[in-house]
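Reviewing the structure listed below.
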Amino acid sequence: MIEQNSKQNPVTQNLPKPLKTAGFAEFGDSLFRVISTLFAMSSLFLIGWIGVILYQQSALTRHLFGWSILTGRTWDTLHHVIGALPFIYGTFVSSTIALILAVPIGICAAIFLSELAPSWLASPLSFLIELLAAIPSVIYGLWGVLFLCPWLNNNVYQWLNNNFGNIPLFSNYGGYPSTMLAAGIILAIMILPFITSVSREVIRSVPQAQREAALGLGATRWEMIRNVVLKAAKSGITGAVILALGRAIGETMAVVMVIGNNTMMSASLLQPGYTMPALLANEFNEAWTSKLHTSALLEIAFILFVITFIINALARILILLTSRNSNYASAEPGKAAAMDTLRDILAKFGRWLMIVVIIGFVAWQIVGDLRSESFRGLLHPTEIIVYLYLATRFVTRITRGTVNWKRWRKINNGFVQILLGLCTFLACFILAILLYVVAVQGIQYLHPSIFTHDELDGGMSNGIIGTLVLVGIASAIGIPLGLIGGIYLSEYGAGRFGNVLRFSADVLNGIPSVVIGMFVYAAVVLKTNHFSAMAGGLALGIMMIPTIVRTTEEILRLTPYSLREGSLGLGATKFRTIRSIIVPAAKGGIVTGVMLALARVIGETAPLLFTAFGNEMVTYKLNSQISSLTMLIYRFAMDSDVTKNGMAWTGSLILITIVLVISLLSRLFSRSRYSMH
């Protein structure tokens, strides 16, 4: 009877016959668990290895300069003067600008997509915003240096200086297209999808009963969102913001192309600046023959690693606290109350600090306008914004408790909903502008010779073939480690140790690619004394591991538990059940995770600068220097030759087409997968 049912049941058709030797079966299960445990520990091991290697290889700089490297303002390796303060300053200022611009838009878009937009509109808009994250940073840099920076210089910088020049942030305009503000805007566009997607998931995790209770008490839609949803999700949203900060701090290629790369520390955002990742990308070639210079750059990489590690760890903890808030409240009310108190204290401190800063800048601007233009200065944009704010507060105060209060609340509700929708469509508009510019500029130089000739003959075949070789090496490293590690977390990682491994995978995913590139350079290139495709593939493979681990785990968790029970009940071992039932049932989702990882590494440039280095000719040798499409785009974009700039646009068109196709296929795979459940 059992045999008939197993033949008729499609779930168990592929089930192998039970092994006759129970001891051998148990040994096979134990062996697979040990192997999968080691693979799952790869993220934890890599984080420790990266920190140790960077710390050891930068010992010379610490021995000579100690902590003074953090406070020194002069960077002159030729005369043995090492000060990293201008780069630390530029990194945090550009990242702060990005947060100021991206956080309001990202959170507003997340609210609109999760609370207001109908499902038929929310799904495509979410996909379009997520595409911003899929676009390689080198394309953002190209778009920034050849399109955005000239536009800002012609239309925005002078206006800011004329109307807000009394504030030090917008004074001292020198006519530079590449500025700290341009870098902040590019970073804001790049981190916007991370803030939106993570905040959206956090907001959606708030229990529906809380929304219904607020609406039932007479609250408007916006009042319900502001007073209930956002308060419940504030820790997770804070985590999303901190996660975006980690991304912004570690960004390399887009920033190095638009920030101006000047070590001068200026309060004005209209002046050029410098960041730690940009320093690594710019001075790496010069440091090859100098031990001190190399050690100094590795020290910068180590500082960047520590900063991003702390930021990403804190972000993950905050997001985790939000998702487990109800469990803490029910199981450990004392711990939940302590965490709520700490969060409230930090929130109040941040809110009052922001209020003090805003009031200070506004007062500074108003006083400056009065001094320069007397009473005419009271009609400048800053003053008009203040008038509108005060008028709104006044109307709110006089209508509260009157017959007009309900009408005023409805007006506020409608206005805020329109504002939330505009923020969402603004993000989509940015994507449309970027794709349009790349398509229009790139198609002009698109020719078959681009694919058939190498760089020496005016083509880009060396970069295209090099990209395929590098991605192939990365896949051979990252896919097995990520896939088996994800299987372990799904099937065996239910305890505290599994949570540690998940946390380490998330943290590794947030470590900047430039840091991973410097790590492979120190661990492999310096040891072998030459650049190679293997070193570049290793760096990309490390970046693939955490993405595949986490997506594989999430997909396998969606597989019905009844499949496991049925297989084990028929006598199959745990390993046979995983191999023959669970993985085949989830193969569509697993493919999606692999494609997402591939889309990420295909567009990487920074780690390849320190590992693969580049090659003007086509090569298939794994132990020799090799080029990539992204490295060609970077070099051609920074060239003064207009023809090379055009080829950079064409390379960007090819690259963005590949990434978009992979993203669309991943979306289709995931939709078909989730439709099964």
**Study point:** Selection within the range 284-318 - acidic (Asp, Glu) and modelled with pLDDT of 90 or more
**Key:** 299
Check your understanding: If the Cβ limit is 8 Å and pairs must be 6+ apart or interchain, which residue in the range 515-531 that is within 18 Å of residue 251 (Cα to Cα) pairs with which residue that is hydroxyl-bearing (Ser, Thr, Tyr) and in a helix (DSSP H, G or I)?
Key -> 515/308
Check your understanding: Given the conditions (1) more than 20 Å from residue 108 (Cβ to Cβ); (2) open to solvent by 40 Å² or more (accessible area, probe 1.4 Å), which single one is not true for residue 226?
Key -> (1)
Exercise for review: Taking the options 496, 502, name whichever one is open to solvent by less than 30 Å² (accessible area, probe 1.4 Å) and without any contact (Cβ under 8 Å) to a residue 60 or more places away in the chain.
Suggested key: 502
Point to revise | Residue in the range 465-493 that is surrounded by the most Cβ atoms within 10 Å (Cβ to Cβ), counting only those that are within 25 Å of residue 247 (Cα to Cα) and hydrophobic (A, V, I, L, M, F, W, C) | key: 470
Exercise for review: Confirm whether residue 397 is part of a helix (DSSP H, G or I), of a type in the set (Lys, Arg) and either modelled with pLDDT of 80 or more or open to solvent by less than 90 Å² (accessible area, probe 1.4 Å) (or both).
Suggested key: yes
Point to revise | Out of 220, 275, sole residue that is among the polar types (S, T, N, Q) and open to solvent by 10 Å² or more (accessible area, probe 1.4 Å) | key: 220
Exercise for review: Might you check whether a residue that is within 19 Å of the chain's Cα centre (by Cα) and either at positive phi or of a type in the set (Ser, Thr, Tyr) (or both) occurs anywhere in the range 139-148?
Suggested key: yes
Check your understanding: Name the pairs whose Cβ atoms lie under 8 Å apart, with the first residue in the range 256-281 and more than 11 Å from residue 178 (Cβ to Cβ) and polar (S, T, N, Q), the second in a helix (DSSP H, G or I) and open to solvent by 20 Å² or more (accessible area, probe 1.4 Å), and 6 or more positions between them or separate chains?
Key -> 268/168; 268/169; 268/170
Study note, to complete from the structure: Subset of the range 170-200, residues part of a helix (DSSP H, G or I) and either more than 27 Å from the chain's Cα centre (by Cα) or charged (D, E, K, R) (or both), comes to 170, 200
Exercise for review: Inspect the range 203-210 for any residue being out of contact with any strand residue (DSSP E or B) (no Cβ under 6 Å at 6 or more places or on another chain), within 24 Å of residue 101 (Cβ to Cβ), outside any loop (DSSP other than H, G, I, E, B) and in contact (Cβ under 8 Å) with a residue 24 or more places away in the chain and give the result as yes or no.
Suggested key: yes
Exercise for review: Would you be able to say whether some residue in the range 537-551 is open to solvent by less than 50 Å² (accessible area, probe 1.4 Å) and modelled with pLDDT under 90?
Suggested key: yes
**Study point:** Members of the range 157-170 found to be open to solvent by 20 Å² or more (accessible area, probe 1.4 Å), of a type in the set (A, V, I, L, M) and in contact with a Ser or Thr (Cβ under 9 Å, 6 or more places away or on another chain), listed by number
**Key:** 169
Check your understanding: Of the residues that sit in the range 324-343 and are under 30 Å from residue 250 (Cβ atoms) and open to solvent by 60 Å² or more (accessible area, probe 1.4 Å), which one is modelled with the lowest pLDDT?
Key -> 325
Exercise for review: Report, by residue number, each residue of the range 566-577 that is touching a Lys or Arg at 6+ places or on another chain (Cβ under 9 Å) and in a helix (DSSP H, G or I).
Suggested key: 567, 568, 574, 575, 577
Review point. Given 605, 592, 577, which one is of a type in the set (S, T, N, Q) and either touching a strand residue (DSSP E or B) at 6+ places or on another chain (Cβ under 7 Å) or under 16 Å from residue 473 (Cα atoms) (or both)?
Key: 605
Exercise for review: Using the structure shown, decide if residue 431 is open to solvent by 40 Å² or more (accessible area, probe 1.4 Å), within 25 Å of residue 148 (Cα to Cα) and either at pLDDT below 95 or not in a helix (DSSP H, G or I) (or both).
Suggested key: no
**Study point:** Residues of the range 459-477 that turn out to be touching a helix residue (DSSP H, G or I) at 6+ places or on another chain (Cβ under 7 Å), among the small types (Gly, Ala, Ser) and within 11 Å of residue 632 (Cα to Cα), as a count
**Key:** 3
Revision key, fill the gap. Here the qualifying pairs (Cβ atoms under 7 Å; residues six or more apart or on different chains; first in the range 289-314 and closer than 20 Å to residue 524 by Cα and open to solvent by less than 20 Å² (accessible area, probe 1.4 Å); second among the acidic types (Asp, Glu) and assigned to a helix (DSSP H, G or I)) come out as 297/283
Study note, to complete from the structure: By residue number, the members of the range 479-536 that are part of a loop (DSSP other than H, G, I, E, B) and either over 30 Å from residue 287 (Cα atoms) or touching a Gly at 6+ places or on another chain (Cβ under 6 Å) (or both) are 492, 493, 494, 495, 512
Point to revise | Hey, residue 403 modelled with pLDDT of 75 or more and under 30 Å from residue 86 (Cα atoms) or not | key: no
Practice item. Within the range 604-648, track down each residue that is in a loop (DSSP other than H, G, I, E, B) and crowded, with 24+ Cβ neighbours inside 10 Å. Key: 604, 605, 610, 611, 612, 627, 628
Review point. In the range 400-419, which residues are free of Cβ contacts under 8 Å to residues at least 24 places away in the same chain and in contact with a helix residue (DSSP H, G or I) (Cβ under 6 Å, 6 or more places away or on another chain)?
Key: 405, 408
Review point. Right, residue 243: among the aliphatic types (A, V, I, L, M), within 24 Å of residue 104 (Cα to Cα), touching a Lys or Arg at 6+ places or on another chain (Cβ under 8 Å) and modelled with pLDDT of 80 or more or not?
Key: yes
Check your understanding: Which condition does residue 321 not pass, out of (1) open to solvent by 60 Å² or more (accessible area, probe 1.4 Å); (2) at pLDDT below 90; (3) in a helix (DSSP H, G or I), if it passes all the others?
Key -> (1)
Practice item. Report yes if some residue within the range 161-182 is on the phi > 0 side of the Ramachandran plot, out of contact with any strand residue (DSSP E or B) (no Cβ under 7 Å at 6 or more places or on another chain) and touching a residue at least 12 places away in the same chain (Cβ under 8 Å); otherwise report no. Key: yes
**Study point:** the range 182-216, subset of a type outside the set (A, V, I, L, M, F, W, C) and more than 17 Å from residue 108 (Cβ to Cβ), residue least open to solvent (accessible area, probe 1.4 Å)
**Key:** 184
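The values are calculated or read from the model by the stated rules, or taken from the named source; none is laboratory data. Source: prediction; values computed, not measured. Because the Cβ atoms are built from the backbone with ideal geometry, glycine has one as well, and the counts that use them run over all protein chains shown. When the accessible area is computed, the model is the full protein with side chains, heavy atoms only, and any ligands, DNA or RNA have been set aside. Shrake-Rupley method; radii C 1.70, N 1.55, O 1.52, S 1.80 Å.
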